[in-house]
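Notes follow the structure.
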Amino acid sequence: MHNNFAIAIHGGAGTLDPKTINSDQKKAYNDGLKVAIEAGYAVLKKGGNALEAVEIAVISLEDCPLFNAGRGSVFTHDQKVELDASIMDGFTGEAGAVASVSLIKNPVSLAKNIMVNSDHVLLSGVGAMEYAFKHGFKFESESYFHTDFRLEQLLVAKSQNRVTLDHNILIPKPIGTVGAVALDSSGKIAAATSTGGMTNKRFGRLGDTPIIGAGTWADHNCGVSCTGHGEFFIRNVVAYDIACLIKYKGLSIEEACSEVVFNKLAPIGGEGGLIAIDKQGVIHFSFNSVGMYRASYGDKTGLFTGIFRD
Ligand code: ASP
């Protein structure tokens, strides 16, 4: 069904075994998704723009310690938190991104500020943090970002000598990267994604999240936000590939997403998924993993939340 305005969000994709999540945890994740989607939807409902809606929804997910973005992010090998985020305005074609930043409460807002107020698209590390400081961004202490279950995950990943998607660690406290896509009532589309990356990643490693075209894309036809094993998403320029299949081949949003997620990524082991929205307000969720935390809210379709392939 088409929506006049709508928003979709994700909280990561991976091996989310229904047996490892009890009903309290399931409720907590669903509640976290609901708070975020309702915050984004409220912006659209009062006539706000898609860019603002995706930022607000992602901020809510960054602030929720259950999700791997902002507070509650996974640890690097050195037990540090390094955050990546990006945002794109499909109407203007402008984009902003940050990579490998620490202590920034809401990296998605820093990405947006870089888009709006600087001549650059992507700032990283110390340079990005200096920019944040100069623009009055809120810095938190290291302890704000640290959660015991992320430490547990790191210790397991280290003991297995693996770099993992956070939700693939066999600890019953999963959840991953976050993102949002939206269409507003004036027909503008936007997308945003934010993450702590992968557990046990090397210092300085970047995934697809801060790479425009890989983890995030928005134009006049669609908005896409990805989650999954970033190296595969970068090599396959996943978000932009979907936009190209729609623009140049005339595929529907569903056909384009399925082509990339199941025919391109899955055969080479690129585990993950994405959320997408088109200019008619059709929302599509696509994932080749066992599950993906996700929600949508459209003026015609109402509220939906989901975790597994249900
Ligand atoms: N795509 C993210 C990365 O590779 C991880 C995730 O989606 O959970 O950094």
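Annotations
- Among residues of segment 198-215 that are closer than 15 Å to V108 by Cβ and part of a strand (DSSP E or B), those with a Cβ under 9 angstrom from a residue that is more than 10 Å from the ligand (Cβ to nearest atom) and among the hydroxyl-bearing types (S, T, Y), sequence gap 6+ or separate chain, pair up as I212/S86; I212/Y240.
- Considering (1) aromatic (F, W, Y); (2) out of contact with any Phe, Trp or Tyr (no Cβ under 6 Å at 6 or more places or on another chain); (3) not in a helix (DSSP H, G or I), the lone condition that F233 does not fulfil carries the number (3).
- The number of residues in segment 279-296 being within 16 Å of the ligand (Cβ to nearest atom), small (G, A, S) and more than 17 Å from the chain's Cα centre (by Cα) comes to 0.
- The condition (being closer than 20 Å to V108 by Cβ and away from the ligand (no atom under 14 Å from the Cβ)) is satisfied by just one residue among D299, D241, D219: D219.
- Selection from segment 193-235 of residues that are in contact with a Gly (Cβ under 6 Å, 6 or more places away or on another chain) and aliphatic (A, V, I, L, M): A218
- Just one residue in the set A276, A256 is away from the ligand (no atom under 16 Å from the Cβ), surrounded by 20 or more Cβ atoms within 10 Å (Cβ to Cβ) and of a type in the set (A, V, I, L, M, F, W, C); that residue is A256.
Just so you know, all these numbers are worked out from the coordinates, no wet-lab data involved. Quantities reported herein were computed from a predicted structural model and do not represent experimental measurements. Using ideal geometry, Cβ is built from the backbone for each residue, glycine included, and neighbour counts are taken over all protein chains shown.
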